[in-house]
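Take a look at the structure set out below.
The values are calculated or read from the model by the stated rules, or taken from the named source; none is laboratory data. This is a predicted model, so every value here is computed, not measured. Virtual Cβ from ideal backbone geometry, glycine too; neighbours counted across all protein chains shown.
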Amino acid sequence: MRDRLEALCRDGIAAVSEAKSADALQEVEIHLLGRNGALTALLKGLGKLSAAERPAAGKLANEVKQALQQAVEEGRCSLAQAELAQDLSGVGMDPTLPGSDLPSGGVHPVMAVARELEDLFSSMGYVVWDGPEIETEAHNFDDLNIPTDHPARESHDTIWMQDHGTSGRLCLRTHTSPVQIRALQKFGAPLRVIAPGRVFRQEAQDATHEHTFHQMEGLVVDKGIGVPHMLHAMNSMLEGVFGRQLETRLRPGFFPFVEPGFELDARCPFCKEGCKVCKGSTWIELMPGGLVHPHVLLSAGLDPQVYSGFAFGLGLSRMAMLRYGIHDIRWMMSGDLRFLEQFPA
Ligand SMILES: [Zn+2]
């Protein structure tokens, strides 16, 4: 009995592996395991064994049945795979190859910094606002207390448009400060606003100068606003970018649209004794700012006797460079994937 069962198992598995189609496999299955199949016929012989032999033979018969069932299942699977591969071979596809990753985009380093700051300032009650990149001469200069003959205009290397608008000459905005005027005219006071965006200058390009770069303007106008409020906002911004508080200092600075004006410097986040980034001084010039000039408030239709405010500007491109250790601003707008792929989403 034992020999016959073992032979059935061996021959059965061989027959399964030789079946080349689903129909052939089914025939083999019926022949082996069907109601009138070979295994059933053998099992009928169990009754003729002695009571002592029967348990071992029954156990073996069960094992043979399971082995044959498993062989048939596996045969069915490999036939189905082969059939699928056959179907797909015509369309040039190999279903057994591993899948390939879908490329996914990342966030540009400037946008990453801008988004974080937008979240931070939104949480402090600021509106995020933007203005047009083609700006009127009035908004870009005059309303910000920079009249035609003002020397500050020369430092802006403005790109002028050939056609004039209905309200005077047009230029590509040289800073995000015109959004101060636009936001004040739209919302009035009290107001807290930040304005991130692209600005343009006709600069000779090098590692620190680019014709297109990003700034973020901040403006708060209310009653009783002073320098401490400005310092708090600027320090919050730096903490947002660098993830920790930096030591800062204020120096007097001149910007036509603020009075008094300041330069905010921060301790170099990269060194203790001077490095290339801080040019050996351990301080980095980071943000100009100051109290809003009365002329700017008047341009926006506000009474400087009632309202005061502060404004600050931030080089977003420069912040991103400092944060990520990028040494050449020209990478920022290069569109070069070798650069961009280093900033995954
Ligand atoms: Zn340094």
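Listed values, structure above:
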quantity	calculated
Sole residue being more than 16 Å from Glu6 (Cα to Cα), of a type in the set (A, V, I, L, M) and touching an Asp or Glu at 6+ places or on another chain (Cβ under 7 Å), chosen from Val72, Val91	Val72
Filter result for the condition that a residue is in the same structural domain as Leu117 (by TED's automatic domain parsing) and touching a Lys or Arg at 6+ places or on another chain (Cβ under 9 Å), over Val296, Val306	Val306
Residue ID - farthest from Ala204 (Cα to Cα), chosen from residues in the stretch 125-173 that are in contact (Cβ under 8 Å) with a residue 24 or more places away in the chain and among the polar types (S, T, N, Q)	Ser167
Exclusive hit being touching a Gly at 6+ places or on another chain (Cβ under 7 Å) and within 16 Å of Val113 (Cβ to Cβ), set Met234, Met216	Met234
Candidates His232, His214, His209 - the one that is farther than 18 Å from His295 by Cβ, of a type outside the set (Lys, Arg) and over 27 Å from the mean Cα position of the chain (by Cα)	His232
Residue ID - surrounded by the most Cβ atoms within 10 Å (Cβ to Cβ), chosen from residues in the stretch 304-345 that are in contact with a His (Cβ under 9 Å, 6 or more places away or on another chain) and part of a loop (DSSP other than H, G, I, E, B)	Met332
So Cys268, is it within 22 Å of Trp331 (Cα to Cα) and over 26 Å from the mean Cα position of the chain (by Cα)	no
Residue count for the stretch 199-235, restricted to those that are within 18 Å of Pro269 (Cβ to Cβ) and out of contact with any Phe, Trp or Tyr (no Cβ under 8 Å at 6 or more places or on another chain)	2
Set Ser334, Ser299: member being of a type in the set (Gly, Ala, Ser) and under 26 Å from Met124 (Cβ atoms)	Ser299
Given (1) in a loop (DSSP other than H, G, I, E, B); (2) at pLDDT 85 or above; (3) under 30 Å from Gly315 (Cα atoms), number of the condition Gly105 does not satisfy	(2)
Residue in the stretch 260-268 that is within 16 Å of the ligand (Cβ to nearest atom) and either among the hydroxyl-bearing types (Ser, Thr, Tyr) or modelled with pLDDT under 85 (or both) present	no
